[in-house]
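Throughout, read-outs are computed from the coordinates displayed, never taken from laboratory work. Since the model is a prediction, treat every value here as computed from it, not as a measurement. Note that each Cβ is placed from the backbone with ideal geometry, even for glycine, and that neighbours are counted across all protein chains shown.
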Amino acid sequence: MHPPPSQTSAPATETVIIPTVLSEVEVPTTTPIPIPERAQYTLNVNLDYTNKTVSADQTIVYPNHSSETLSNLVLAVVPNMWPGSFNLTSLSVDNTPISEYTLSGQKLELALPTSLAPETTVTVTMQYTLNLPFAEQQDPSVERPRIYGYTARQVNLANWYPFIVPYEAGTGWVLHDPWYYGEHLVYEAADYEVNLITDPSVVVAASGYPEPAEPVEAGVTRYTLTAGRTFAISASPEFQTVSAQVGDVTVTSYYFPFYEEPGQAVLDVTSKAVGLYSQRFGPYPHKTLAAVMGDFNDGMEYSAFYFLPRDFYNLYDGKPMNYLVFVAAHETAHQWWFERVANDQAEHPWLDESLCTYSELLYYQAYHPEQASTWWPYRMYYHDPAAKMDIPVYAGTGFQPYTNATYFVGAHFLEDLRARIGDEAFFAFLADYAAQMDGKIAKPQDFFVILRQHTSADISDLIATYFANAY
Ligand SMILES: [Zn+2]
């Protein structure tokens with residue numbers, strides 16, 4: 001509350017006493033500067049859409065919240081998996097230029113000039129350019145299409161900037177090898193400020209919230225993302241958009257011309273799913289959500305952002321039991337299971353994929369209850385119930401056995417679990433799991449510890465049926 005200004009205006013003759021010596025003010029010199037809760041990423045990015053290049057100036061303020069003193073840092077540099085794509089031009093740590101580092105495949109490792117004690121920070125500054133690869137279609141039965149790069153009508157920046165991978169005390173840096181399908185990266189939550197310059201004719205979909213109030217220089221769009229896992233950008237001069245408001249969340253569907261009907265359907269499904277999952281699992285974590293038509297055939301989740309494959313737009317027939325609908329519901333659910341609660345996507349892919357697949361059923365039960373029972377056979381056109389769901393991504397013998405185990409067998413487990421413990425305990429568990437693991441990286445043990453806080457039912461037979469490991 002502010003008092004009316006007339007009462008505080010000083011008479012012109014009043015003498016104002018200003019302390020002239022600052023050192024007279026007692027400043028406790030031993031108080032440590034609080035270190036940030038999460039790593040702070042600042043990226044100044046110039047995307048040259050015509051030439052398919054990016055130049056970036058990046059700063060990471062990294063807090064060591066582990067219990068160990070760190071002597072090195074490991075960053076994932078996924079663009080370096082494509083020869084000639086990633087070109088590092090400068091690298092400094094706390095303003096000390098670093099000339100000795102190893103960059104091999106997706107891994108950048110550097111020795112810290114000064115070791116990093118627990119609860120202290122280090123600042124990594126780097127400049128680099130990206131020559132975006134042409135993301136040609138690959139055999140989808142063998143491996144995921146490449147997303148990072150460009151197509152005839154789109155530039156996609158996914159896992160495009162170097163990021164510090166999670167550090168686990170006792171284990172070390174967590175950076176798994178890539179695999180033909182599924183995901184292999186593990187993300188700590190971090191805060192992002194991305195200042196983007198690009199061709200004004202290009203429409204940009206991004207993970208972050210464009211800050212209209214920020215005084216940024218002309219031509220620069222500032223995006224912010226708080227407690228995000230990974231910042232994605234998709235740009236195209238052809239994008240058309242429709243938006244809707246769900247509470248304080250703005251959902252936007254980005255699609256190519258002549259796809260108005262599926263583009264609108266994606267907006268409707270995503271908006272409804274945000275509303276439903278907010279009730280079921282707790283609040284949506286960001287202010288925006290971009291649902292983006294990918295010029296490739298894969299769906300993929302990022303922070304406040306997901307891709308849907310173009311084939312699903314082509315196949316959309318206006319009916320609710322449709323790949324476009326249930327995969328939109330699935331990718332929206334990743335904003336809880338991936339974004340709020342992360343997991344090791346290589347070692348424990350079931351933790352997010354089973355919940356997101358089962359969330360599709362929740363969507364139908366809420367909005368198309370007459371269709372809910374047909375979701376099972378329609379979605380699971382192949383299903384091997386004997387498979388165990390808790391496999392690492394590397395254990396599947398192909399994309400189909402992998403998705404059968406982690407998506408389909410996983411959804412059956414959740415259905416049986418819900419029937420065993422009842423709706424009340426089941427949904428209380430899911431909301432509590434999201435709350436307790438919010439911003440963290442969950443392990444299977446966390447899932448079961450929190451589950452058992454909500455039920456005393458014996459589920460040992462379900463675990464024996466569905467899991468290879470004992471929990
Ligand atoms: Zn998924």
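A few comments on the model shown:
- Size check on the range 345-395: the Cα extents along the three principal axes, sorted descending, read 37, 20, 11 Å.
- The tail of the calculated P(r) for the chain, taken as Cα-Cα distances beyond 28 Å, holds 55 percent of the pairs.
- Counting Lys and Arg as +1 and Asp and Glu as -1 over every other residue whose Cβ lies under 9 Å from the Cβ of Asn469, the net charge comes to 0.
- In this label model, Val202 and Tyr394 are separated by 3.6 nm, measuring between points 7 Å along each Cα→Cβ vector.
- Value of relative contact order over the chain, rounded to a whole percent, pairs C-alpha under 8 Å and six or more apart: 11 percent
- Within the range 381-471: Cβ-based charge dipole about Cα centre, in debye rounded to nearest 20 (Lys, Arg +1; Asp, Glu -1): 240 debye
- Relative to the current alpha-carbon distance between Phe134 and Ala468, full extension at 0.36 nm per residue lengthens the span by 116.2 nm.
- When you restrict to C-alpha pairs under 8 Å that are six or more residues apart and normalise by the size of the range 81-197, the relative contact order lands at 18 percent.
- Ranking Ala205, Thr226, Phe281 by Cα position along the charge dipole of the range 201-352, where only Lys, Arg, Asp and Glu carry charges on their C-beta atoms, puts Phe281 farthest toward the positive end.
- Cα centroid of the range 145-195 to Cα centroid of the range 451-471, whole Å: 32 Å
- Order of Glu360, Glu339 under a 10 Å beta carbon neighbour criterion, fewest first: Glu360, Glu339
- Net charge of Cβ neighbours under 11 Å - reference Ser67; Lys, Arg +1; Asp, Glu -1: -3
- Point-to-point label distance, Glu370-Ser55, nm (Cα→Cβ direction, 7 Å offset): 6.0 nm
- At q = 0.16, 0.24 Å⁻¹ the log10 of I(q)/I(0) for the range 145-205 amounts to -0.76, -1.20, computed by Debye summation with a single uniform scatterer per C-alpha, solvent ignored.
- Charging the Cβ of each Asp and Glu at -1 and of each Lys and Arg at +1, and nothing else, the dipole of the range 312-471 about its Cα centre rounds to 80 debye.
- Dipole-positive endmost among Pro118, Phe163, Ile459 within the chain (Cβ charges, Cα centre): Ile459
- The range 230-262 and the range 293-370 have Cα centres separated by 16 Å.
- Value of [θ]222 nm, deg cm²/dmol, for the chain, DSSP H segments ≥ 4, -39500 (n - 2.57) each, nearest 500: -7500 deg cm²/dmol
- Measuring nothing but how far apart in sequence close Cα pairs (under 8 Å, 6+ apart) lie, relative to its length, the range 307-465 scores a relative contact order of 26 percent.
- The dipole here belongs to the range 218-293: it is taken about the Cα centre, uses +1 on the Cβ of Lys and Arg and -1 on the Cβ of Asp and Glu, and is about 400 debye.
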